[in-house]
Amino acid sequence: MIGYKMNCNLCPRECNIDRSKAKGFCGAGYKLRVARAALHYWEEPCISGSKGSGTVFFSGCNMRCVYCQNYGISSECFGKDISEYDLEVIFNKLIESGAHNINLVTPDHYADVITRVLRKFDSPVPVVYNTSSYCKTETLKMLDGLVDIYLADIKYYDSSVSAKYSFAHDYYEKAEQAVSEMFRQTGNLVTDDYGIAENGLIIRHLVLPGNVSQVRKIFENVACKLGTDVFVSLMSQYIPEGKACEYDTINRKLSKREYELAKKTLLGLGFENCFFQDMKSADKNFIPDFDLEGVDI
C-alpha cells in the first residue's frame, strides 16, 4: 500500500502536509505518478549506450523551474497514478527491452516509496537516480546501497538566481550537501569494458543564457569539495520552455560563445572527465513525448 503515515518533509521545502489529503509544492499526491517509461537514447553516452537508458519519468517536481523542458509533467503533473507493484512491472519490461539501466527521472518527491520498491526489486542492471539535487541528506541516506549511479544536477550557485527561476533561495546550500552525500555513497564514475556506467556520480550543469558566471562559482567549489577527477556533464541543450517567455534573460537559446566560455572555464579549473554537448542538442526533437508510453500496463 502506498501512503504517508506522517506529513511529508522529504525535501528541503518541508511542506509538512498529509499528501493523502493535499498536495505540496511538488504537486504530487500520495500515489506514484508516472508520465513515460521507455528507452531513452539522449543521456550521456555512458548512460544511454547503444541500447538506451530505461527511463521512468515521474510526474511533479520539488523544483518546478520556470523554464523546464518537461514543464507539462514537472509543473502541471501530467501522468498516470500507479502502484508499487506496477513500478516493478515497468522496471522488468524496460530490462526485457534491453535497457542498460533503470533511470529514475525526477524521483525526489517519491524517494520513500522508491526506497521500498528498490528494497524488494533485485535489479540486474544499475539503478540511476536522476535528480535536481535539491534534496535532504537524510532522504538520500535511505537510498544508500540501492542506487548505483547518481546523475545529479547542480543548477545554480547564486541564491538570487535559484530564487528567481526555481523559487529556492537555499538551492546551492542543499545541493552541495546532497551531492557530497551521493559521492560518499557511490564514489567517482566507474564504467565497464564497453564504456557503460556501472557505479558512481556524474554532476550535470545546464548552462542558462545570461548565466555563464554560475559555472565558475559552482565548479570552483566542486573542485575544493570533491576534486577535479569527478565526472561533469556540461549541457548546452537549453530551450526556453514553460514560462521562460516571462523572463527576458532566459527567453532565448544559449549562444555558441556562451557555451564555449563555459567549457573553457570548466577545463581551466582542471576538470578532465567531461561530457560536452553539440549545440544542435538545443532542439525540441530531443524532448520526449509524454504520452504515457510504457505506463499503460
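The numbers here are math on the coordinates, done by the rules we state, and not lab data. Remember, predicted model here, so these are calculated numbers, not experimental data. Counting neighbours? That spans all protein chains shown, and the Cβs are built from the backbone with ideal geometry, glycine included.
Remarks
- Structure note, pairs LYS155/LYS225; LYS51/LYS243; LYS31/LYS51; LYS141/LYS284; LYS164/LYS217; LYS120/LYS225: Cα-Cα distances above 26 angstrom occur for LYS51/LYS243; LYS31/LYS51; LYS141/LYS284; LYS120/LYS225.
- Distant-in-sequence amide contacts of SER236, defined by a placed amide H-H separation under 5 Å and a gap of 5 or more residues or a different chain, comprise GLN277.
- For region 152-297: rounded, prolate or oblate by the Cα gyration tensor [a/c cutoff 1.5]: rounded
- Between ARG252 and ASN273, the contour length at 0.36 nm per residue exceeds the Cα-Cα span by 4.7 nm.
- Anisotropy class of region 1-123 from Cα gyration tensor, a/c 1.5 cut: oblate
- Here the 3J(HN,Hα) profile of region 292-297, calculated from phi with Karplus coefficients 6.51, -1.76 and 1.60 at θ = phi - 60°, is 6, 4, x, 9, 7, 9 Hz, Gly and Pro shown as x.
- Anisotropy class of the chain from Cα gyration tensor, a/c 1.5 cut: rounded
- Under 12 Å, Cβ to Cβ, from ILE47 - net charge with Lys/Arg +1 and Asp/Glu -1: -2
- Helix runs (DSSP H) in the chain reaching 15 Å along axis by Cα, Kyte-Doolittle at least -0.5: 84-96, 213-226
- Extension gain for PHE121-SER83 works out to 12.3 nm (0.36 nm per residue, less the C-alpha to C-alpha distance).
- Summed over qualifying helices (DSSP H, 4 residues or more, each -39500 (n - 2.57)) and divided by its residue number, the chain shows a 222 nm mean residue ellipticity of -8500 deg cm²/dmol.
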